[in-house]
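Okay, so here's the structure we're looking at.
Where a number appears in this text, it was derived from the coordinates with a stated rule and is not lab data. In this text the structure is predicted, and so the values were computed from the model without any measurement. In this analysis, Cβ positions are derived from the backbone assuming ideal geometry, glycine residues included, and neighbour counts consider all displayed protein chains.
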């Protein structure tokens, strides 16, 4: 089940996974390909200028995990910091859905990254929340079977198709989980000694906006400053502050987000 739950601004990243050799191979531009086919059949092909989102708009944010022949990686590490198209690392392959209805590893021809003006977060009942560009197409179950639907056109109750299994890259199968997981949604328990050494504050043992607000309270910001910084109504900030009045937000916490752990000066071996 899915719901277009939120929109925000961020960096969109795209890996080109298919290279059509004919009009029949092009996916997601049926109106354009039909018109071109008519021009060709009439032997009357005018000068044309095509403009629009790159490819079929399959762009996602940098923290999105992608399955490669090197293992699961955050897509921002695959694409890099470039603005626009770039060549992928030599030997890189990404898992992709092929014409036969299965999955396999394919070498991308290009990678692409830029700042997006608008993003859509899609929330599913099992807790997944992919964040994509509005024109990103998702495979949706409908009355005719399966169809590719733009994220901005999704409605509450739509059913998104996802694979039951995907191919595994060659190797020992280990995943660099510190790099692959969504740091804001994963919480980690650490030892008291580690928490004390790094001064992990109690405000970090919270989720999302509440964590941001309480961190602002802990560091001495006013309600107005916190509201402006987090985009949260000042009334909500005041309520969070009131509820935390008897809590020592500077107390050491043995629970924090993976994002906070990544920000610490600690080696992966230590973590």
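Quick rundown of the values:
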| quantity | calculated |
| --- | --- |
| Most to least packed among 187-194, 202-209 [average Cβ atoms within 10 Å] | 202-209, 187-194 |
| Pairwise label distance in nanometres, residue 243 with residue 148, each label 7 Å out on the Cα-Cβ vector | 4.3 |
| Protection proxy ranking, peptides 80-92, 246-258, average beta carbon neighbours within 10 Å, highest first | 246-258, 80-92 |
| Residue list for region 213-228, given a label point 7 angstrom along the Cα-to-Cβ vector of residue 250 and an amide N cut-off under 16 Å | 215-221 |
| Between region 89-166 and region 209-226, the alpha-carbon center distance in angstrom | 35 |
| Label-reachable residues, region 188-209, where backbone N falls under 14 Å from a point 7 Å from residue 265's Cα toward its Cβ | 197-199 |
| Estimated inter-spin distance, residue 87 and residue 114, nm [label 7 Å along Cα→Cβ] | 2.2 |
| Inter-label distance for residue 207 and residue 107, nm, one decimal - labels placed 7 Å from Cα along Cα-to-Cβ | 4.4 |
